[in-house]
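Structure, as structure tokens:
The values are calculated or read from the model by the stated rules, or taken from the named source; none is laboratory data. All figures in this text were calculated on a predicted structure; none of them were measured in a lab. As a convention, Cβ positions derive from the backbone with ideal geometry for all residues, glycine included, and neighbour counts pool all protein chains shown. Please note that ligands, DNA and RNA were not included when accessible areas were found on the heavy atoms of the full protein model with its side chains. Shrake-Rupley method; radii C 1.70, N 1.55, O 1.52, S 1.80 Å.
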Amino acid sequence: TTLYVSPQVETLLGYNHADYLADPDIWRKQLHPADRDRVMAEVLRCHANHEPFVCEYRMLAKDGREVWLQDNAWVVRDETGQPLSLQGVMLDVSEQKRTAEALRESEQMAAVILGNISDAVLVTDDAGAFRYISPSASAIFRRSLEEIKELGAMTQLLGNEIFAPEEVGKIDVIHNIEREFTDRDGTRHVLLINAKAAPISGGTRLYTCRDITRRKEMEEAL
């Protein structure tokens, strides 16, 4: 039985204080069907053990909107310690949930893209230490991702002369630098390297490396 609901519930869900008092089951009814069983199980646990109720769930507003709530409730006891009621606060966390979902979708999209492009993508910090290595780097450099990580830095992977000294630090972007690379089997490769200042993933520089060995062989043959 609902004993009290603050006026803000109408702003939140469209139902006013009188609606709650007129229908003691309105809270349960308006729980999102996908969340109802989970939330009611948590309510029963709270009632049985007299423990705090802490839960995030969706409710359906009067106009059909889905509202994400963070519900925190605790047991109120009398002077002898006997439980009398639950008192709590429902916070609207819909915006945080939408932001988190958008971020998750963005991260999934980035993971799909980086996992399927043929170029190796690497992010390093100011010292050249790796902060991110894309899955395709393994095929480009003929090493496992763990082996590349253990090398620690771009200079350990491609050598200290990856860029001429005058190329580094003068500009934020370095385009289409061709460098030869010999893998640990002794096979020669030609890489097309691009570098760009990019403060992402805890790093400061973004590298892309493309193996153009076959293209160079065809050019030489022609």
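Using Cβ point charges alone (K and R +1, D and E -1), the dipole size of the chain about the Cα centre works out to roughly 320 debye. What label, among (i) 8, 34, 37, 18, 3, 0; (ii) 9, 28, 35, 21, 6, 1, 0; (iii) 7, 23, 18, 10, 12, 15, 11, 4, 1, 0, belongs to P(r) over Cα pairs in 10 Å bins from 0, in percent computed from the structure on display? Only one option fits the structure, namely (iii).
With a cut-off of 15 Å between beta carbons, the residues surrounding residue 222 carry a summed charge of 0, where Lys and Arg count +1 and Asp and Glu -1.
Positive end of the dipole of the stretch 53-101, charges at C-beta (+1 Lys, Arg; -1 Asp, Glu), about the Cα centre: which of 80, 68, 91 has its Cα farthest in that direction? Positive-end residue among those listed: 68.
The angle between the Cα long axis of helix 33-49 and the longest principal axis of the Cα atoms of the chain comes to about 60 degrees, rounded to the nearest 10. Placing 98, 58 in order of accessible area, with the largest value first and a 1.4 Å probe, yields 98, 58. Calculated accessible area for the stretch 1-117 comes out at 66 Å² per residue, all protein chains present (probe 1.4 Å; ligands, DNA, RNA ignored).
Heavy-atom accessible surface of residue 68, to the nearest 10 Å², is about 60 Å², with a 1.4 Å probe and all protein chains retained. Note on residue 187: accessible area approximately 70 square angstrom, rounded to 10, probe 1.4 Å, nucleic acids and ligands left out.
At the residue level, residue 196 shows approximately 110 square angstrom of accessible surface with a 1.4 angstrom probe and all protein chains present.
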